[in-house]
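Reading through the structure tokens given below for one structure.
Each reported figure results from applying straightforward, stated rules to the coordinates on display, with no laboratory input. Because the structure is a prediction, the values reported are computed rather than measured. Cβ coordinates were reconstructed from backbone atoms using ideal geometry, including for glycine residues, and neighbour counts include every protein chain displayed.
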Amino acid sequence: MGTMAARLAVSRWVAARAAARRGPLVSCRRWSGVATDTVYDVVVSGGGLVGAAMACALGFGAWDHICNMRYRAFRRMQVWDACSEALIVFDKDNLDDMGYIVENDVIMHALTKQLEAVSDRVTVLYRSKAVGYTWPYSFPMADSSPWVQITLGDGSTLQTKLLIGADGHNSGVRQAAGIQNVSWNYDQSAVVATLHLSEATENNVAWQRFLPSGPIALLPLSDTLSSLVWSTSHEHAAELVSMDEEKFVDAINSAFWSDVNHTDFIDSAGTMLHYAIAFLKPTKVSARQLPPSVARVDAKSRALFPLGLGHAAEYVRPRLALIGDAAHRVHPLAGQGVNMGFGDISSLVHHLSTAAFNGKDLGSMSHLTGYETDRQRHNTALLAATDVLKRLYSTSATPLVLLRTWGLQATNAVSPLKEQIMAFASK
Amino acid sequence: MFQGLFFLRFLGIFCIDNHVICKEGQFNFFLSIVYSENQLSWTLPIKPWIFSEYRIMWFKSCKMTFVCFNRMKSYRYPWTRLYSTSGTTVDSSEVKTFLALAHRWWDEQGVYAPLHSMNDLRVPFIRDNLLKTVANHQPGKPLSGMKILDVGCGGGLLTEPLGRLGASVIGIDPVAENIETAQRHKSFDPVLDKRIEYRACALEEIVEETAETFDAVIASEVVEHVTDLETFIQCCWQVLKPGASLFITTINKTQLSYALGIVFAEQIAGIVPKGTHTWEKFVSPEMLESILESNGLSVQTVAGMFYNPFSRYWHWSENTSLNYAAHAVKSGAQEHQVPAESVLKEETEELQATASTNAGVREEVKK
């Protein structure tokens with residue numbers, strides 16, 4: 001990415017989620033001697049995680065800043081069912097970390113710092129909202145501008161050769177372009193919070209349990225802190241957010257420990273398969289670990305947001321590319337939402353840098369379709385899998401519970417399959 | 001002799017556009033010979049299915065009904081504002097063909113889509129070969145500081161990427177409408193507007209004022225359209241700095257290039273607009289190399305290119321029998337060899353012998 005010098009502008013939506021606050025507008029760069037509007041190489045609309053990361057990637061890397069702040073490597077992931085004893089453990093034999101858990105705010109802070117470092121190439125327009133977009137004709141017409149025009153809330157306009165839409169699942173850019181979006185709402189909301197564990201542990205395991213109402217996950221942040229992501233019905237989520245701290249902590253602990261959903265039938269069926277597998281594959285079986293118990297919750301850290309699935313029919317149009325949630329929205333049960341967004345960034349940056357090194361017009365469909373094909377292949381599979389899993393685990397109907405119990409145990413037994421899953425998720 | 005006709009009939013050719021290349025006085029002579037004999041006549045004794053540079057293709061037979069369709073193109077063309085036609089490498093009939101499509105250059109999915117796609121090969125080819133000649137380069141602009149001439153730039157399809165890579169480019173084209181389209185297109189981009197300059201003229205016209213000023217001259221998809229290749233190459237030599245590069249991409253003159261490049265691409269599949277190319281003017285790599293070497297340009301690379309009409313992408317290829325690219329470098333003083341001694345394929349031998357005796361411009365009368 002060192003070869004590309006881009007002129008960027010990032011316009012930040014006034015988001016519902018908490019985000020770092022900064023001062024007012026940074027001024028735009030102008031070409032010397034040109035009185036008309038500057039033409040930017042790229043404009044990224046949307047300043048969330050993915051948008052800011054895109055701006056950084058086009059400007060350059062932000063990982064160093066994150067390392068100076070809070071993040072956690074995890075080595076192991078244990079996922080199990082509330083309705084049976086079946087569990088699956090992802091473990092890397094070598095000592096490498098499987099992945100990292102980083103809080104949103106930490107990432108945002110790092111990205112913002114990095115944007116400041118590349119401010120000669122990247123201009124960030126805080127507190128600005130795009131109200132309209134004008135698309136160029138697909139065929140060059142005499143005297144009409146071939147660039148995308150973006151009208152901001154304050155009346156000014158930006159012109160750019162490539163507009164990147166990173167403005168979330170209700171993307172204004174996508175709607176303005178008229179791109180079809182396949183979407184439906186899950187009747188679930190996710191509750192997030194930062195939790196204090198009852199005792200300090202090594203805390204390098206990520207936990208997730210599938211309850212009939214939805215999965216609850218505990219992700220390590222430090223020796224004493226973990227992050228909670230609990231997807232459940234809208235009513236229950238609202239209750240959880242408003243209930244007092246003690247009850248909230250009790251609810252979390254019982255969600256992880258309670259056996260209330262077990263049935264004898266499923267338990268015996270599960271045990272049967274377990275013995276069968278142990279007989280066929282008498283190698284080491286990862287011991288079931290017990291998740292840590294929670295003592296307190298951080299005061300203002302509870303929040304909730306609705307869940308749904310979404311996938312844009314097209315990721316690209318001439319002079320337009322969608323990344324992150326604007327292109328695809330997924331259930332958090334696999335923890336892949338923003339990862340897919342980062343994958344989008346990596347692919348788009350790769351295609352754009354090759355195109356720039358070939359002197360191509362950045363908004364040309366020839367390389368944008370390469371990005372689209374790349375990512376659609378990867379994302380569609382993940383979206384479909386996540387949706388299936390969500391539906392499968394949303395029920396306590398016995399046949400489906402049996403199916404998923406045996407399925408989970410079988411998958412747990414097949415190490416190459418688990419390795420493939422880990423590799424796919426790390427892309 | 002009938003084999004050739006069967007071959008063509010098999011390909012479904014019932015009419016052929018062809019040209020006459022000869023001195024004016026000879027034209028009537030050939031014509032009268034053909035009419036009086038009223039039989040198949042090949043005006044030169046060559047293998048039936050090979051078309052030579054000088055041929056008039058006429059098929060007349062009592063039994064077969066081939067319709068012979070000749071396009072009469074007048075040497076003198078009413079587009080007088082373009083340039084003077086004496087001593088020129090520009091072919092006025094070619095001008096007319098490109099004029100009709102002057103506004104279609106920048107439609108990436110339109111008639112010029114293959115040329116847009118060819119940038120994926122030619123820009124890296126030019127960029128990488130030029131980068132070999134410099135010690136370091138600016139990361140964002142690998143060609144900055146270089147002066148490049150794009151001959152036959154058309155709508156600026158290749159000129160603009162070179163400009164984006166940092167070079168100062170002059171694009172020339174004999175068709176004024178092409179230059180207008182190119183000017184208009186670059187005017188929207190402030191950076192390109194400053195780096196690129198377009199002129200509607202032929203190469204010969206700027207030779208004197210731009211002698212030895214360019215670090216590179218690009219003649220991409222041009223040499224198959226010029227009338228006099230020798231003069232063209234000489235002009236290229238004159239405007240290049242010593243040690244500078246000449247890049248050429250063009251089409252080989254083989255049976256395959258006739259079948260695929262003209263019959264399939266133009267007449268059947270419509271990948272290339274009809275009448276864009278004339279097989280007689282295709283140049284084989286061997287001929288090109290010999291002309292380059294005899295004019296003080298040492299050939300560094302010749303590489304084949306292949307277009308996949310289904311994927312619409314170009315690929316490099318070992319095989320130069322269709323499209324190919326060549327890179328030559330201007331060496332020392334210009335040397336003139338007698339080409340008759342060089343080793344060439346049979347069908348071009350005759351041409352070479354005649355070329356060495358015909359100094360200067362050959363006029364082309366389209367029939």
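Assuming R0 = 45 Å, what is the FRET efficiency of A:Thr263 and A:Asn170, from their Cβ-Cβ distance, to the nearest 0.05?
Working: r = 41 Å, r/R0 = 0.91.
Efficiency at R0 = 45 Å is approximately 0.65.
Reducing region A:97-162 and region A:191-248 to their Cα centroids gives an inter-centroid distance of 34 Å.
Quick one: B:Tyr258, B:Tyr313, B:Tyr198, fewest Cβ neighbours within 10 Å first, how do they rank? Can you show the working numbers first?
Numbers: B:Tyr258 21, B:Tyr313 15, B:Tyr198 24.
Least to most surrounded, the residues fall as B:Tyr313, B:Tyr258, B:Tyr198.
For region A:195-323, a/c is not less than 1.5, where a ≥ b ≥ c are the root eigenvalues of the C-alpha gyration tensor, and a/b does not top b/c. That puts it in the oblate class.
Between their Cα atoms, which of A:Lys281/A:Lys390; B:Lys147/B:Lys274; B:Lys281/B:Lys330; B:Lys141/B:Lys330; A:Lys113/B:Lys132 are more than 31 Å away from each other? Over 31 Å apart, Cα to Cα: B:Lys147/B:Lys274; A:Lys113/B:Lys132. Between the beta carbons of A:Thr395 and B:Ala259, assuming R0 = 56 Å, the FRET efficiency works out to 0.30 to the nearest 0.05.
How much net charge surrounds A:Phe210 when only the other residues with a Cβ under 10 Å from the Cβ of A:Phe210 are counted, with Lys and Arg +1 and Asp and Glu -1? Walk me through the numbers before you get to the answer.
On the way: positive: A:Arg209, A:Lys390, A:Arg404; negative: A:Asp81.
So the environment of A:Phe210 carries a net charge of +2.
Hey, what did region A:283-427 get for relative contact order, percent, Cα under 8 Å, at least 6 apart?
On the way: 98 pairs, mean separation 28.7, N = 145.
The value is 20 percent.
Computed FRET efficiency, Cβ-Cβ of B:Lys132 and B:Ala211, R0 35 Å: what is it to the nearest 0.05? FRET efficiency, B:Lys132 to B:Ala211: 0.90.
Using the per-residue mean of other Cβ atoms lying within 10 Å as a proxy for protection, in what order, highest first, do the peptides A:266-277, A:211-222 fall? Numbers along the way, then the final one.
Details: A:266-277: 15.7, A:211-222: 21.8.
The peptides rank, most packed first, as A:211-222, A:266-277.
Simple spin-label estimate for A:Trp135 and B:Glu318 gives 4.6 nm between the two label positions (7 Å along the Cα-to-Cβ direction from each Cα).
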